[in-house]
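A short worksheet on the structure shown next.
The values are calculated or read from the model by the stated rules, or taken from the named source; none is laboratory data. What you are looking at is a predicted structure, and each value in this text was computed from that prediction instead of being measured. Glycine gets a Cβ as well: all are built from the backbone with ideal geometry, and neighbour counts include every protein chain shown. The accessibility values were calculated without ligands, DNA or RNA, using every heavy atom of the protein model including side chains. Shrake-Rupley method; radii C 1.70, N 1.55, O 1.52, S 1.80 Å.
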Amino acid sequence: MKKLLELITEEFEKAFEKNEYDKKLGKVVVSNRPDLCQYQCNGAMAGAKLYHKAPIMIANQVVESLQDNEMFESVEAVMPGFINIKLNSEFVAKYLNDMKEADKYGCENKAPETIVIDYGGANAAKPLHVGHLRSAVIGESVKRIQKYAGNNVIGDVHLGDWGLQMGLIIVELKERKPDLVYYDESYTGEYPKEAPFTISELEDIYPTASKKSKEDEAFREAAMEATSQLQAGRRGYRALLAHILDVSVTDLKKNYDNLNVSFELWKGESDAQPYIPDMVQMMKDKGFAYMSEGALVVDVKEDTDTKEIPPCIILKSDGASLYSTTDLATIVMRMQDYNPDAIIYLTDQRQSMHFVQVFRCARKTGLVGPDVELTHIGFGTMNGKDGKPFKTRDGGVMRLEYLLDEINEEMLKKITENQKEKENLDISEEEAKQTAKTVALAAVKYGDLSNQASKDYCFDIERFTSFEGNTGPYILYTIVRIKSILKKYTAKNSLPDAPILGAHSASEKNLMLVLSRFNAMMENAYEEKAPHKICAYIYELANAFNGFYHETKILSEEDFKVQASYIGLLVLTKNILETCIDVLGFSAPDRM
Ligand code: ARG
């Protein structure tokens, strides 16, 4: 379905052409003075230079040609040569009726591409902390935006399971249970199926070990040695790694479930290791990799660089691989397994240099062809109210679980208060709890996603959980309000199949105009991989709806056709809001 803006632009292009001007001048944009008009065309301004005429003369001619056009309520030339456009409300109504019928409310279905999205960033054996929140929340939404556009998407958690933390756990466990068969190098039999620890033990083992390694040099060295033996393939250690993964993946899945985040793939850094030797050999053979200060490196600087981009280190002087080696080998693996058209990574933006190096190295050495798009979406820091990175009250790293618990509680309080006010006392405690969870998740996700990803933002529970203002709960409240009107309506009538009519008031027209921009907005959010654009849109839509709601008697409207049109508008508003929040990764309760 064509975008509304395209349809308007076509009419303007024709009008420019008719007056023997270049049709390119007919480009129409959303008005930057919504108080004066809804759309505008600035083509006469550019035309003035081209045709050596006063802009207002050109504007007047174009306006003259559009006078009888049914698409417009008014088209006006104003000094010095802008054209202000107001749409005919019948035309907007027809557009909405077409949207109702169209697949995905008029969003284009493009040729599907295969996209791998690397997000979440969890590390095995370490609990999720708030730093992982943004990657999960933004990544899930970017993935759903891709899916909505029709792409085949594969979300991969890319577990951190290959670093020093594994050696630390192995050594600490050995101190606690030295007799485990995994430490006996002469053992050749099968290892037990059951893990020698529970998740709560594991969660104690890692932090203890991490602390020890900072204070105890010998312990640290032992952990490094265990890490390199694990990486070299020592059997017992590999078996322990498998147990660590099993136990922590089960736990991580539970945590991601609570965030309504799920991955198609649970691969980890360890899965990429087998691809390293051949990859390194190829880089050497083709002359890309060379020795520099003992390390094997590939140059990735380019002539147009304005800042220094250091070489990508492939192997350290002791032959060990690095974070970048693993990421390069993961690209090899992903190309083999899925041959994707694009790979998108979500991490803290402090990793952006790493990705510049990895992407350039992958292209230069031919791991990916020129058509494969590699994108890093780097996000800013989540700060506390003090403007510093979010911490627990005693200054430690806050576990994600605890943070979510805190918000659930806050939300339950608000919802219970709200019910008392509205005397909605028939809601059971169980339903209230479930609703609180749903709304709390919306609060957290919307609080994050409504900011441009690259910006830092302040995590403010008080503000995020408010039912008013630019918040998740406000959006949900609007949806619940519509659901409740529709419920009252359908108690007596069946949903009408009648068309939406031209607007009866300014607030209704405003709502209709915002609805008509849905497909353009969604496609733009897709192009720019920008969930915050969807948030900005649903906030505008919720405001437009509430403006209409406060001024309009819907259920007591006596004109049957007008009422049916209102109901049609409500259904469309609800469907579009629900589509948007689904793409953002949260949902609305039936009442709250
Ligand atoms: N595990 C890493 C971390 O906690 C993030 C991994 C991001 N993905 C990647 N392919 N490098 O920082």
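Data table
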quantity: Qualifying residues in the stretch 99-118 (those that are of a type in the set (A, V, I, L, M) and closer than 27 Å to Ser565 by Cβ) - the one surrounded by the fewest Cβ atoms within 10 Å (Cβ to Cβ); calculated: Ala102
quantity: Answer residue from the stretch 535-592, given it is outside any helix (DSSP H, G or I) and surrounded by 22 or more Cβ atoms within 10 Å (Cβ to Cβ) and is farthest from the chain's Cα centre (by Cα) among those; calculated: Met592
quantity: Failed criterion for Lys364 (all others in (1) more than 23 Å from the chain's Cα centre (by Cα); (2) open to solvent by less than 20 Å² (accessible area, probe 1.4 Å); (3) away from the ligand (no atom under 15 Å from the Cβ) hold); calculated: (2)
quantity: Those residues of the stretch 532-583 which are basic (Lys, Arg) and either in contact (Cβ under 8 Å) with a residue 12 or more places away in the chain or closer than 22 Å to Gly150 by Cβ (or both), in sequence order; calculated: Lys533, Lys561, Lys574
quantity: Which numbered condition Leu159 misses (of (1) within 16 Å of the ligand (Cβ to nearest atom); (2) touching a strand residue (DSSP E or B) at 6+ places or on another chain (Cβ under 6 Å); (3) over 30 Å from Gln229 (Cα atoms); (4) among the hydrophobic types (A, V, I, L, M, F, W, C)); calculated: (3)
quantity: Unique match (being small (Gly, Ala, Ser), more than 27 Å from Gly233 (Cα to Cα) and without any contact (Cβ under 8 Å) to a residue 60 or more places away in the chain) among Ser324, Ser292, Ser317; calculated: Ser292
quantity: So Val142, is it under 22 Å from Pro274 (Cβ atoms), within 16 Å of the ligand (Cβ to nearest atom) and β-branched (Val, Ile, Thr); calculated: no
quantity: Any pair with Cβ under 8 angstrom, 6 or more apart, that starts in the stretch 380-409 at a residue that is within 26 Å of Lys254 (Cβ to Cβ) and free of Cβ contacts under 8 Å to residues at least 12 places away in the same chain and ends at one that is in a helix (DSSP H, G or I) and aromatic (Phe, Trp, Tyr); calculated: Thr392/Tyr402
quantity: Test result for Gly131, open to solvent by 10 Å² or more (accessible area, probe 1.4 Å), assigned to a loop (DSSP other than H, G, I, E, B) and not hydroxyl-bearing (Ser, Thr, Tyr); calculated: no
quantity: Residue list for the stretch 252-266, filter: in a helix (DSSP H, G or I) and surrounded by 17 or more Cβ atoms within 10 Å (Cβ to Cβ); calculated: Leu252, Asn255, Tyr256
quantity: Test set (1) in contact (Cβ under 8 Å) with a residue 60 or more places away in the chain; (2) in contact with a helix residue (DSSP H, G or I) (Cβ under 7 Å, 6 or more places away or on another chain); (3) at negative phi; (4) open to solvent by 20 Å² or more (accessible area, probe 1.4 Å) - Leu96 fails condition number; calculated: (4)
quantity: Subset of the stretch 119-128 that is open to solvent by 10 Å² or more (accessible area, probe 1.4 Å) and closer than 15 Å to Leu265 by Cα - its residue that is nearest to the ligand (Cβ to nearest atom); calculated: Gly121
quantity: Criterion: loosely packed, with under 14 Cβ neighbours inside 10 Å, over 23 Å from Val137 (Cα atoms) and more than 10 Å from the ligand (Cβ to nearest atom) - qualifying residue of Ser317, Ser321; calculated: Ser317
